[in-house]
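Below: one structure, written as structure tokens.
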Amino acid sequence: MTLMTTKRTLMACVAAAGLSFAAAGGPAFAQDSEMPGEGVSVTPLKSSIAEETFQTLLVSKALEELGYDVSDIKELEYAAGHVAIGNGDGTFMADHWDPLHSDFYTAAGGDEKIYREGVYSPGALQGYLIDKKTAEEHNITNIGQLKDPEIAKLFDNDGDGKADLAGCTPGWGCEGVIEHQLDAFELRDTVTHNQGSYSAIIADTITRFQDGQPVLYYTWTPYWVSGVMVPGQDVTWLNVPFSSLPGERSDVDTSLPDGSNYGFEANNQRIIANREFAEANPAAAKLFEIMELSANDISAQNLLMRDGQDSEADIERHADAWIQGHQEQWNEWLEEARAAAE
């Protein structure tokens, strides 16, 4: 199923759910008298990426149906969020990227302090892209070609002669990889890594693209950006000269099964939780292990947000619609979680 088809399906569910919610006064999900989480407080964490609210909210709603007292989501960037989870200052985070965040995970105490079982959303990709028009006109397939000042100048936005890479927010896992690779691929003299708020930087990049100008940027999937600038249609992934990652992943081969090498490993998004909490709450631990959300569903919801449905009420409605559209699976997760507590 394509991203746009998934988006249309989710929009239809949202519209239908809106009518049923209005009639019933709120979503009527299957209830069970067993409330293994009754009296237990939960604090969800997420990064500053607004689009991570959807997948975090789904976990929160499932926990609430198990009786847990779930507070509002608190924002912490990934490094601090991992430490907070390990220390018990946060209960769970639904957007741990494995292996991108492996250094954060280890620094926060690893398996001793953090519970990490199952895969929430598999098959996430990330890397560098340029507009397809420039790629084809100049036969650019590899970011290493930007060592050539003439190639780099094609992506110069500010007149300094260097390519401007729309990059990664400081403190994110991708920042360390990009900074490492600029050195490893000898691109410091020809490429500038523009950082700040990713949402602002990528919005400017999209405007440039829509104006017909060359663009060079980092992004990841699932995320709405690839629904606006579509890989293979509007933009193209760049390969890297060779595998090179920082920290404990220095010897990892980042090649994909098809032979492409985007410089980043394929990632799984996983739910991490404070280990002490998980061991004391087997129902929640089982839920964290078995919940799964497709990359297409995340991207489709993110695209709704990009198109203006980005208020708290909108995201709440999207989550309720997703649950309603997957009610049988949802109920099975809850039943399995309750059984784990017996």
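The values are calculated or read from the model by the stated rules, or taken from the named source; none is laboratory data. In this text the structure is predicted, and so the values were computed from the model without any measurement. Note that each Cβ is placed from the backbone with ideal geometry, even for glycine, and that neighbours are counted across all protein chains shown.
Table for the structure above
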{"item": "Region 95-108: number of residues that are out of contact with any strand residue (DSSP E or B) (no Cβ under 9 Å at 6 or more places or on another chain) and in contact (Cβ under 8 Å) with a residue 60 or more places away in the chain", "result": "3"}
{"item": "Selected residue (criterion: farthest from GLU65 (Cα to Cα)) from residues of region 320-336 that are among the acidic types (Asp, Glu), surrounded by fewer than 20 Cβ atoms within 10 Å (Cβ to Cβ) and in contact (Cβ under 8 Å) with a residue 24 or more places away in the chain", "result": "GLU336"}
{"item": "Options ALA341, ALA300, ALA278; residue that is touching a Lys or Arg at 6+ places or on another chain (Cβ under 7 Å) and touching a residue at least 60 places away in the same chain (Cβ under 8 Å)", "result": "ALA300"}
{"item": "Residue within region 292-310 that is over 18 Å from the mean Cα position of the chain (by Cα), over 18 Å from VAL228 (Cβ atoms), in a loop (DSSP other than H, G, I, E, B) and not basic (Lys, Arg) present", "result": "no"}
{"item": "Which listed residue is assigned by TED's automatic domain parsing to the domain that holds ALA284, among the hydroxyl-bearing types (Ser, Thr, Tyr) and surrounded by 23 or more Cβ atoms within 10 Å (Cβ to Cβ), from TYR115, TYR78", "result": "TYR78"}
{"item": "Only listed residue being touching a Cys at 6+ places or on another chain (Cβ under 8 Å) and either under 30 Å from THR141 (Cα atoms) or part of a helix (DSSP H, G or I) (or both), chosen from TYR223, TYR218, TYR262", "result": "TYR218"}
{"item": "Output for region 35-49, where each listed residue is touching a residue at least 60 places away in the same chain (Cβ under 8 Å) and not in a loop (DSSP other than H, G, I, E, B)", "result": "VAL42"}
{"item": "Output for region 136-156, where each listed residue is in contact with a Leu (Cβ under 8 Å, 6 or more places away or on another chain) and among the hydrophobic types (A, V, I, L, M, F, W, C)", "result": "ILE140, ILE143, LEU146, ALA152, PHE155"}
{"item": "Search result, residues across region 125-145 that are in a strand (DSSP E or B) and surrounded by fewer than 21 Cβ atoms within 10 Å (Cβ to Cβ)", "result": "LEU125, ASN142"}
{"item": "Condition check for PHE277: within 29 Å of VAL83 (Cβ to Cβ), assigned to a helix (DSSP H, G or I), at pLDDT 95 or above and more than 21 Å from the chain's Cα centre (by Cα)", "result": "yes"}
{"item": "First in region 128-149 and farther than 19 Å from THR207 by Cβ, second anywhere and in a helix (DSSP H, G or I) and of a type in the set (Gly, Ala, Ser), Cβ under 8 Å, 6 or more apart", "result": "THR141/ALA135; LEU146/ALA152"}
{"item": "Any chance THR205 is surrounded by 21 or more Cβ atoms within 10 Å (Cβ to Cβ) and under 30 Å from ASP251 (Cβ atoms)", "result": "no"}
{"item": "Any chance GLY227 is crowded, with 20+ Cβ neighbours inside 10 Å, touching a residue at least 40 places away in the same chain (Cβ under 8 Å) and either at positive phi or within 20 Å of the chain's Cα centre (by Cα) (or both)", "result": "yes"}
{"item": "Failed criterion for MET11 (all others in (1) part of a helix (DSSP H, G or I); (2) modelled with pLDDT of 95 or more; (3) more than 20 Å from PRO122 (Cα to Cα); (4) touching a Leu at 6+ places or on another chain (Cβ under 9 Å) hold)", "result": "(2)"}
{"item": "For ASN268: the one exception among (1) within 26 Å of ASN87 (Cβ to Cβ); (2) touching a helix residue (DSSP H, G or I) at 6+ places or on another chain (Cβ under 6 Å); (3) not in a helix (DSSP H, G or I)", "result": "(2)"}
{"item": "Out of GLY308, GLY263, GLY247, GLY259, sole residue that is free of Cβ contacts under 8 Å to residues at least 60 places away in the same chain and within 30 Å of GLY144 (Cα to Cα)", "result": "GLY259"}
{"item": "Criterion: in the same structural domain as GLN233 (by TED's automatic domain parsing), assigned to a loop (DSSP other than H, G, I, E, B) and crowded, with 19+ Cβ neighbours inside 10 Å - qualifying residue of CYS174, CYS168", "result": "CYS168"}
{"item": "Residues satisfying the stated conditions in region 35-56, i.e. under 14 Å from the mean Cα position of the chain (by Cα) and not basic (Lys, Arg)", "result": "LEU45, SER47, SER48, ILE49, ALA50, GLU51, GLU52, THR53, PHE54, GLN55, THR56"}
{"item": "Filter result for GLU289 (surrounded by fewer than 17 Cβ atoms within 10 Å (Cβ to Cβ) and assigned by TED's automatic domain parsing to the domain that holds ASP89)", "result": "no"}
